[in-house]
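The values are calculated or read from the model by the stated rules, or taken from the named source; none is laboratory data. Note that this is a predicted model, so its numbers are computed, not measured. Note that each Cβ is placed from the backbone with ideal geometry, even for glycine, and that neighbours are counted across all protein chains shown.
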Amino acid sequence: MRKFDTKVQHLKYKVLREVARQAWNDKLLQTITDIPKMLVPGKDATMRCCVYKERAILAERVKMAMGGDISNPNVIEVIDIACDECPMGGYEVTNACRGCLAHRCEDVCRRGAISFDAQLKAHIDKVKCVECGACAKVCPYSAIANNKRPCENACKVKAIVSTGNGNAVSIASEKCIACGACAYQCPFGAITDKSFILNVIDLIKRSDNNQKYKVYAVVAPSVSSQFAYAKLGQVVSGIKELGFFAVVEAALGADMTAYAEAAELAEKGFLESSCCPAFTDYVRKQFPTLARHISNNLSPMAVIARYIKETSPDARVVFIGPCTAKKAEFQKKEVRPYVDSVITFEELQALFDSKDVDITVLSEDLLDNASYFGRIFARSGGLSDAVRQGLKERGLEKFDYKPVVCDGIEACRTALLKAAKNISDGNFIEGMACLGGCIGGAGCLTHGDKNKSDVDKYGMTAFEKTISDAIGVLK
Amino acid sequence: MKITVCIGSSCHLKGARQVVEQLQYLIAENNLKNDVELGGTFCMGNCQKGVCVTLDDKPFSLTPENTKEFFQEKILKKNA
């Protein structure tokens with residue numbers, strides 16, 4: 001069964017698994033410098049120019065698996081030596097240009113940047129070109145290509161800084177929202193998210209089998225689209241096998257958030273969702289005047305973690321989800337008291353295998369705390385549906401609810417631009433930085449067409465059918 | 001007095017919400033809001049015996065059906 005989308009993820013996973021394995025056995029300090037050689041033995045290079053470069057990069061990956069550069073607050077980092085420094089010339093005419101007569105490229109270019117040589121082949125004047133891409137769209141031979149670095153293409157907040165061909169990229173942290181899109185898209189794995197697996201292993205070990213304190217795993221509802229090779233109940237068993245005391249659905253926090261946001265929306269009349277940390281970060285960084293409309297409610301992760309800590313003061317909470325931005329969120333001062341650490345599904349897989357836990361042979365444990373509505377938060381549109389339900393259950397049906405569902409930063413930007421000009425066609429902006437919602441998160445093992453229906457199916461199996469019923473136990 | 005009801009997945013599926021709701025109702029009905037504190041927790045590590053409930057740290061195993069009986073025996077009598 002396919003565990004990952006790409007071989008870059010697989011490589012990252014192997015490093016995480018090895019670092020975790022050594023940490024469980026208290027051997028990391030002795031073996032840390034051997035890990036690259038364990039992963040790339042022998043003399044023949046399989047990925048780079050020579051094994052020595054491969055190992056040098058792996059040493060950097062080991063560092064990222066151990067938390068990365070502490071002096072850099074951004075949870076997304078560039079591994080300079082892993083960057084292939086790929087071409088970044090923008091739109092260029094390739095040799096597929098046949099020197100035709102139509103010259104659609106010339107006609108469509110508003111800047112007059114296209115000229116032709118003696119063979120009638122097109123050329124782009126880079127001084128005039130504004131990289132609009134119109135010429136590439138009209139060329140019947142698709143002869144105009146966009147040489148843009150994949151990371152830059154993936155980053156919709158323009159936080160990737162390339163200083164020129166032959167230079168590794170860097171990240172402008174004042175723009176970066178830690179969504180992880182660049183890390184997922186870089187074909188060389190040169191951008192990666194810092195890992196806190198060592199903190200989690202340490203938390204579990206020091207708990208002395210949950211005697212000194214109890215370690216709770218809060219799992220995001222997008223888990224229903226992950227670990228497709230096993231059953232969800234087996235994933236829950238696996239998490240307990242790692243040493244967690246209990247597994248709780250973040251979706252119950254989503255129920256609580258939806259219920260609270262419904263009331264807040266009715267009171268304020270206009271609201272932006274607070275669930276997605278990359279979205280809220282984006283609003284604060286790019287639309288500071290709209291930041292006051294962000295819901296005052298904490299995210300589902302923080303809300304459920306707060307409840308766990310209020311009711312069990314000896315608890316420690318680890319969030320497991322699809323999201324790299326959560327790794328930044330849990331370090332914020334308003335969330336820090338509730339959430340002790342954050343790992344992704346990728347990292348959970350590495351933790352399973354570091355302890356040789358084969359979840360496919362485990363019995364199925366239970367996971368049922370939330371309602372249908374809390375669970376569908378994992379996919380785009382789910383939050384809006386849940387807030388509608390929240391309004392209904394609070395008897396606020398009269399409120400003229402007009403949600404604007406945005407997935408992907410480009411859709412979020414459009415909605416926010418309209419809101420900034422007071423021409424928004426809605427009064428509730430559901431902002432999710434990843435395409436498709438959380439199921440599109442950079443920390444997922446796999447992404448696929450079935451993810452959304454998996455989430456909906458998982459929603460339907462919830463024991464509680466309404467938000468009020470799900471949160472009824474919490475009073 | 002403090003009653004804690006397990007609201008972890010296993011107990012939830014065995015009716016933890018109904019137990020909580022009944023206790024809330026009984027506490028209100030008997031005007032014991034100041035005397036009895038009701039709380040929840042995720043998992044007491046005793047899933048087979050759900051719905052797990054503790055009364056001042058003493059464990060009990062309840063069902064929605066015997067919650068009223070438990071309340072009368074263990075709480076009303078003590079408060080009488």
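Brief remarks follow.
- Scanning segment A:49-95 for residues that are under 18 Å from A:Val169 (Cβ atoms) and β-branched (Val, Ile, Thr), we see that the one that is surrounded by the fewest Cβ atoms within 10 Å (Cβ to Cβ) is A:Ile81.
- Flag: A:Ala470 matches the condition of being under 26 Å from A:Thr344 (Cα atoms), touching a strand residue (DSSP E or B) at 6+ places or on another chain (Cβ under 8 Å), within 14 Å of chain B (Cβ to nearest Cβ) and buried (at least 20 other Cβ atoms within 10 Å of the Cβ).
- Matching residues in segment B:37-54 - criterion: being more than 10 Å from every other protein chain (Cβ to nearest Cβ) and surrounded by fewer than 18 Cβ atoms within 10 Å (Cβ to Cβ): B:Glu37, B:Asn46, B:Gln48, B:Lys49, B:Thr54
- Some residue of segment A:119-126 being farther than 30 Å from A:Glu329 by Cα and within 36 Å of the chain's Cα centre (by Cα): yes
- Test for A:Thr289: is it farther than 27 Å from A:Leu367 by Cβ, of a type in the set (S, T, N, Q) and either away from every other protein chain (no Cβ under 14 Å) or not in a strand (DSSP E or B) (or both): yes
- Among residues of segment A:267-294, those that are within 17 Å of the chain's Cα centre (by Cα) and charged (D, E, K, R), counted: 1
- Every residue from segment A:235-269 that is of a type outside the set (Gly, Ala, Ser), in a helix (DSSP H, G or I) and within 14 Å of another protein chain (Cβ to nearest Cβ): A:Val235, A:Val236, A:Ile239, A:Lys240, A:Leu252, A:Asp255, A:Met256
- Checked against (1) within 14 Å of chain B (Cβ to nearest Cβ); (2) modelled with pLDDT of 95 or more, A:Ser312 meets all criteria but (2).
- Scope segment A:394-435; condition out of contact with any Ser or Thr (no Cβ under 6 Å at 6 or more places or on another chain) and of a type in the set (Asp, Glu); matching residues: A:Glu397, A:Asp400, A:Glu410, A:Asp425
- Within segment A:1-30, being of a type in the set (D, E, K, R) and over 13 Å from A:Gln349 (Cα atoms) holds for A:Asp5, A:Lys7, A:Asp26, A:Lys27.
- Qualifying position, being farther than 14 Å from A:Ser237 by Cα and within 14 Å of chain B (Cβ to nearest Cβ), among A:Ser371, A:Ser354, A:Ser384: A:Ser371
- A count restricted to segment A:385-424 and to residues that are closer than 21 Å to A:Glu267 by Cβ, surrounded by fewer than 14 Cβ atoms within 10 Å (Cβ to Cβ) and in contact (Cβ under 8 Å) with a residue 12 or more places away in the chain stands at 2.
- Qualifying residue in segment B:23-30 (condition: more than 10 Å from chain A (Cβ to nearest Cβ), in contact with a Ser or Thr (Cβ under 6 Å, 6 or more places away or on another chain), in a helix (DSSP H, G or I) and of a type in the set (D, E, K, R)): no
- Filter pass, B:Val53 being in contact with a Gly (Cβ under 9 Å, 6 or more places away or on another chain) and part of a strand (DSSP E or B): no
- Options A:Val15, A:Val19, A:Val51; residue that is closer than 18 Å to A:Cys186 by Cα, modelled with pLDDT of 95 or more and aliphatic (A, V, I, L, M): A:Val15
- Comparison of A:Gly42, A:Gly68 shows that the only residue that is within 23 Å of the chain's Cα centre (by Cα) and assigned to a loop (DSSP other than H, G, I, E, B) is A:Gly68.
- Leading residue by the ranking (surrounded by the fewest Cβ atoms within 10 Å (Cβ to Cβ)) among those in segment A:192-234 that are more than 14 Å from chain B (Cβ to nearest Cβ) and among the β-branched types (Val, Ile, Thr): A:Ile204
- Selected residue (criterion: nearest to A:Phe227 (Cα to Cα)) from residues of segment A:446-466 that are surrounded by 20 or more Cβ atoms within 10 Å (Cβ to Cβ) and among the charged types (D, E, K, R): A:Asp454
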